[in-house]
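The values are calculated or read from the model by the stated rules, or taken from the named source; none is laboratory data. Bear in mind that the values here come from a model prediction, so they are computed numbers and not experimental data. Cβ coordinates were reconstructed from backbone atoms using ideal geometry, including for glycine residues, and neighbour counts include every protein chain displayed. Heavy atoms of the whole protein, side chains included, go into the accessibility calculation; ligands, DNA and RNA do not. Shrake-Rupley method; radii C 1.70, N 1.55, O 1.52, S 1.80 Å.
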Amino acid sequence: MGDRLHMAVGVMGNAASLLLYAAPILTFKRVIKKKSTEEFSCVPYIIALSNCLLYTWYGLPIVSVNWENFPVVTINGLGILLETSFIIIYIWFASVSNKKQACLMVVPVFVIFFVTAFVSTFAVHDHHHRKLLVGSVGLVASVAMSGAPLVAAKRVIQTKSVEFMPFYLSFFSFLACLLWMTYGLLAHDILLASPNLVGTPLAITQLVSSLSKQKSTERTKVLDLASRLNKVIFSLFWP
């Protein structure tokens with residue numbers, strides 16, 4: 001029962017994270033259409049790429065024991081493809097100064113990942129300490145990814161518009177953090193649970209900020225959607 005519950009939460013975590021990682025598709029559809037990145041920032045996507053790289057490595061048998069964290073590998077592997085695509089599109093359509101800034105930020109991400117992967121493979125020789133090393137570095141990236149949208153929250157407050165932080169993005173972030181926190185706690189893996197223990201309240205802050213700027217009719221639709229999803233999740237565990 002415990003293993004089945006653990007896997008079920010992992011599958012739901014994959015679904016929520018997929019929605020979160022795929023959410024910027026609408027933003028980049030607009031970027032391609034207008035051939036301009038406008039005021040959008042590339043920082044959240046670069047941080048998300050760092051998070052996906054590190055946690056894909058964390059879930060592989062080199063670091064984890066066999067395939068105990070297979071759901072972590074699948075969603076973060078897909079996240080690498082999506083975030084890389086977003087960053088490439090951003091760099092293609094960004095101004096010269098923004099291109100340089102984005103490239104300068106991407107380089108350290110890959111340097112940190114490759115150094116972490118190299119050290120965990122050749123300098124550390126057991127799964128426990130490999131998980132400790134990679135998970136600690138991943139913790140920083142994961143918390144940064146959860147907090148990155150707060151930059152957009154500041155713009156939402158200033159402009160009184162949710163254009164730069166749509167509700168669905170905040171909601172999927174909250175749902176993903178909650179599910180992966182549960183996944184880590186069920187596995188007694190504090191290195192998977194702890195980033196989401198921090199990320200969940202950050203996501204709630206984003207939700208509140210986004211909801212406060214929604215029109216009343218939109219807010220009602222949003223709360224109704226959240227209620228339905230809540231019922232679906234609970235029905236999986238208490239039919």
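Pairs of alpha carbons in segment 1-42 separated by more than 17 Å make up 51% of all such pairs. Straightening the chain between VAL96 and LEU26 buys 22.9 nm, computed as 0.36 nm per residue apart minus the Cα-Cα spacing. Charge tally for ALA23 (other residues, Cβ to Cβ under 12 Å; Lys, Arg +1; Asp, Glu -1): 0. Rounded to 0.05, the FRET efficiency of the PHE110 and GLU68 pair, given R0 = 22 Å and the Cβ-Cβ distance, is 0.25.
Think of a 1.4 Å ball rolled over the protein heavy atoms: segment 11-119 then has 50 Å² of accessible area per residue. Apolar share of the accessible surface for segment 90-142: 78 percent from carbon plus sulfur atoms, 1.4 Å probe. Across every pair of non-identical alpha carbons in segment 8-96, the mean reciprocal distance, once inverted, gives a Kirkwood radius of 13.9 Å. Across segment 59-134, the relative contact order, built from alpha-carbon pairs under 8 Å that are at least six residues apart, equals 38 percent.
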